[in-house]
Amino acid sequence: MNATMSLEKIKHYPVMLNQVLSIISPQHGGTFIDCTFGGGGYSQAILKFPGTKVFAIDRDKLTQEHADSLEKRFPKRFNFLQEKFSNLNQIAKLNLNPRAIIFDLGISSFQLFDKKRGFSFESKNFLNMEMGLNKYSAYNVINLLSKEDLAKIIKVLGEEKDGKIIANKIVNYRSKKPIKTSEELAHIIRNAKKKHNNYNKNPATKTFQAIRIFVNQELTELILGLIEASKLLSNGGILIVVSFHSLEDKIVKNFFNLYSNLRKSPSRYLPIKENNSNLFKLVSKKPLMPEANEIKDNIRSRSAKLRYAIRNNNSFFYPKEFKYMFENYFKLESVVV
Ligand SMILES: C[S@@+](CC[C@H](N)C(=O)[O-])C[C@H]1O[C@@H](n2cnc3c(N)ncnc32)[C@H](O)[C@@H]1O
């Protein structure tokens, strides 16, 4: 079975599509930027409305196949670029003036279920976990990083309390032979957590999340992507993010709070200052979640959270809190492999 055949068989559900469409209202036409094209679920749904144009990007070259078919169907209204969304500024010169910029974070079902990519616990293939345009693979990270760095990455990026125990086991194992497959790694983690595993998910879930985030520098990508998107949007433009785990959601929430009308006064006894240097109007403080029907049809959607905000006319700026809020993520993901 070749990769294309197996990908075609995977059922693809664009998460929270109805909510996304009702926020961006493509029936009124306009240009939309889909920063995480994947299987093209969002792009295709937008293009069904006649007055729309979509500019889509994805870092994964395998998404080109889906993009080619949309380009054939909508030659004048659809464009695709294989790129990371941290480099969204590359399309600034096109003056797209988008009505909305959309991020649907994480990996797609195509990536998860393609065993060659090494994202799943049972993969007997090379320990890869690369989404595309990467500097290193999970094999490099697992076999080359120091025990201390591995422990920190697993603890912080996986929110895994047993980071040290797991890093210890990994380093012991690799001193005898390199860890080559995801299945091997999952087995080592299962052993490390034998006495400590008291939750009903696969015991390797959090460590796999941590390694995947590190390999793809996902948090750095997200922060830079939000910055670049904020620069591209003009008055009335909408920034939408669908996230899948608490680290991502925390970044999106902090970013929107930092740049929005909900920014708090330093003391509750002081009046909230009129702030002319906001960038966004935050429509709701709380994220939207998928409806029960969607979760029933696609269990992977259960952890999705959607946040969005509407851009105003002010120019982009870095508030002084920016550095403290996000510096740790940049530092952690820039450990040299
Ligand atoms: C959850 S899927 C998106 C699914 C898509 N909304 C759909 O309806 O088919 C996420 C996609 O984002 C891509 N991606 C993740 N991080 C990225 C980044 N930093 N830059 C560009 N693409 C990224 C992944 O390669 C993957 O294809």
message = For the stretch 104-115, check the following and say yes or no: at least one residue is more than 15 Å from the ligand (Cβ to nearest atom) and touching a Leu at 6+ places or on another chain (Cβ under 6 Å).
response = no
Search result, residues across the stretch 99-132 that are small (Gly, Ala, Ser) and part of a helix (DSSP H, G or I) = Ser109
ask   = Quick one: would you say Ile101 is surrounded by 16 or more Cβ atoms within 10 Å (Cβ to Cβ), under 23 Å from the mean Cα position of the chain (by Cα) and not polar (S, T, N, Q)?
value = yes
inquiry  = Can you tell me which of (1) out of contact with any helix residue (DSSP H, G or I) (no Cβ under 8 Å at 6 or more places or on another chain); (2) outside any helix (DSSP H, G or I); (3) within 15 Å of the ligand (Cβ to nearest atom) is the one Asp68 doesn't meet?
reply    = (2)
ask   = What number of residues within the stretch 71-98 are outside any loop (DSSP other than H, G, I, E, B) and over 26 Å from Leu288 (Cβ atoms)?
value = 15
task = Please tell me if Ile179 is touching a residue at least 24 places away in the same chain (Cβ under 8 Å), more than 27 Å from Ser86 (Cβ to Cβ) and surrounded by 17 or more Cβ atoms within 10 Å (Cβ to Cβ).
result = yes
task = State yes or no: is Lys76 within 15 Å of the ligand (Cβ to nearest atom) and basic (Lys, Arg)?
result = no
message = When you check Lys72 against the structure, is it on the phi < 0 side of the Ramachandran plot, among the charged types (D, E, K, R) and without any contact (Cβ under 8 Å) to a residue 12 or more places away in the chain, yes or no?
response = yes
query = Are any residues in the stretch 275-306 of a type in the set (A, V, I, L, M) and closer than 18 Å to Leu17 by Cα, and if so, which ones?
reply = Leu288, Met289, Ala292, Ile295, Ile299, Ala304, Leu306
query = In the stretch 82-98, which residue that is of a type in the set (A, V, I, L, M, F, W, C) and away from the ligand (no atom under 13 Å from the Cβ) is nearest to the chain's Cα centre (by Cα)?
reply = Ala92
message = Which residue is farthest from Ser303 (Cα to Cα), if the candidates are limited to the stretch 16-46 and must be part of a helix (DSSP H, G or I) and touching a Gly at 6+ places or on another chain (Cβ under 9 Å)?
response = His28
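Read the figures in this text as sums done on the coordinates, not as results from a lab. Quick caveat: nothing in here was measured; it's all calculated off a predicted structure. Heads up, the Cβs are rebuilt from the backbone with ideal geometry, glycines too, and the neighbour counts pull from every protein chain shown.
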